[in-house]
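Written below as structure tokens is the structure these notes are about.
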Amino acid sequence: MIHWLYLPHLETAGDEAILEGIEATHAIRARRLRIDDSVCVFDGIGRTAAARISEVTQRPLQVHLVIDHHEHWPSPTTRIHLISALPKGDRQATMLDMATQLGMTDYTPLRCDRSVSQARVQAYDRWRRVLIESCKQSHRPWLPVLYPPVDLKEWIGQCTGTNAVNVIADKRGATGGPAIESCLLNTEHVCLVVGPEGGFSDPERERLDEAKFEMLSLGDGVLRVETAAVALIAFAGRVLVSTGSPP
């Protein structure tokens, strides 16, 4: 298996490049790659290139690459935008990791009346690192886009006039989802919304009812935020793949 490594500014890298810092450590210490091993480098905005390790230097650790065969991949046919309340602690990283592997293209933290965790500016660098590692794992050339936090009322207002299909994870929703699957046909933008584990408040439910979004039940149990998010993305991804619009 060819290992993927992250190399920003790949377009201007030329025929040679150097990996440093986290990526160099990952290549040599974690993946145990050596001179003459083949890798794939990607920049997160659709560019990949075949490369070969030509030299490894220490102190500081650097991995020298010879680059060949550039390729540019079109952006995903359908945007899968996850808008979710934040899970507690490290479960947020787990959610972003799994969601990216399943095809999430955009992520927005959602502030709700019953939210117990809030997005902090310093968390975004860590989240971006999670996205990079997940793209390396799943061989996805496009990094998901991270957006600033938004509250539910504000997000509903932003949806006005857009062509996005909005699906809300809710126990009161449809269980089979055939109507929702029909809505996903030929769409170019899907918004998947997951509230906090305490559920949406009554005022929030009223706003969602007024907006007439699609409601989808994910089962009888009370799911954690990250579980619901992954289940929702897996559902949307399956439908999109079956209709010829893979994420």
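The values are calculated or read from the model by the stated rules, or taken from the named source; none is laboratory data. On a predicted model such as this, the values are computed, not experimentally measured, just so you know. Heads up, the Cβs are rebuilt from the backbone with ideal geometry, glycines too, and the neighbour counts pull from every protein chain shown.
In table form, for the structure just shown:
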item	result
Strands (runs of 3 or more DSSP E) wholly inside the range 38-112 containing at least 1 residues that are closer than 30 Å to Leu152 by Cβ	79-84, 106-111
Residue check for Gln118: assigned by TED's automatic domain parsing to the domain that holds Pro148 and part of a loop (DSSP other than H, G, I, E, B)	yes
Filter result for Leu131 (of a type in the set (A, V, I, L, M) and either within 30 Å of Glu206 (Cβ to Cβ) or surrounded by fewer than 20 Cβ atoms within 10 Å (Cβ to Cβ) (or both))	no
Close pairs (6 angstrom Cβ cut-off, 6 or more residues apart or separate chains): in the same structural domain as Ser182 (by TED's automatic domain parsing) and closer than 17 Å to Ala179 by Cα in the range 209-224, crowded, with 18+ Cβ neighbours inside 10 Å and modelled with pLDDT under 90 anywhere	Glu214/Ile180; Met215/Asp170; Leu216/Gly177; Leu216/Ile180
Neighbours by Cβ (under 6 Å, 6+ apart or cross-chain): first from the range 1-29, more than 10 Å from Ala51 (Cβ to Cβ) and at pLDDT 90 or above; second of a type outside the set (Lys, Arg) and in a helix (DSSP H, G or I)	Tyr6/Glu23; Tyr6/Ile132
Candidates Ser138, Ser117, Ser134 - the one that is closer than 30 Å to His26 by Cβ, touching an Asp or Glu at 6+ places or on another chain (Cβ under 7 Å) and free of Cβ contacts under 8 Å to residues at least 40 places away in the same chain	Ser134
Some residue of the range 15-35 being on the phi > 0 side of the Ramachandran plot and part of a helix (DSSP H, G or I)	yes
Extreme residue, surrounded by the most Cβ atoms within 10 Å (Cβ to Cβ), among residues of the range 36-79 that are closer than 17 Å to Leu143 by Cβ and among the acidic types (Asp, Glu)	Asp43
Unmet criterion (only one of (1) touching a residue at least 60 places away in the same chain (Cβ under 8 Å); (2) over 16 Å from Ile233 (Cβ atoms)) for Val167	(2)
Search result, residues across the range 184-202 that are farther than 22 Å from Gly103 by Cβ and among the charged types (D, E, K, R)	Glu197, Asp202
Set Val145, Val194: member being in contact (Cβ under 8 Å) with a residue 60 or more places away in the chain, at negative phi, within 22 Å of the chain's Cα centre (by Cα) and assigned by TED's automatic domain parsing to the domain that holds Leu86	Val194
Pro109 vs. criteria out of contact with any helix residue (DSSP H, G or I) (no Cβ under 6 Å at 6 or more places or on another chain), touching a residue at least 12 places away in the same chain (Cβ under 8 Å) and surrounded by 15 or more Cβ atoms within 10 Å (Cβ to Cβ)	yes
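Each row is one residue, and each column tells you yes or no for (1) over 25 Å from Pro76 (Cα atoms); (2) surrounded by 14 or more Cβ atoms within 10 Å (Cβ to Cβ); (3) not β-branched (Val, Ile, Thr).
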site: Ala123; (1), (2), (3): yes, yes, yes
site: His139; (1), (2), (3): no, yes, yes
site: Pro148; (1), (2), (3): no, no, yes
site: Ile156; (1), (2), (3): no, yes, no
site: Gly161; (1), (2), (3): no, no, yes
site: Ala179; (1), (2), (3): no, no, yes
site: Leu184; (1), (2), (3): no, yes, yes
site: Gly198; (1), (2), (3): yes, no, yes
site: Leu218; (1), (2), (3): yes, yes, yes
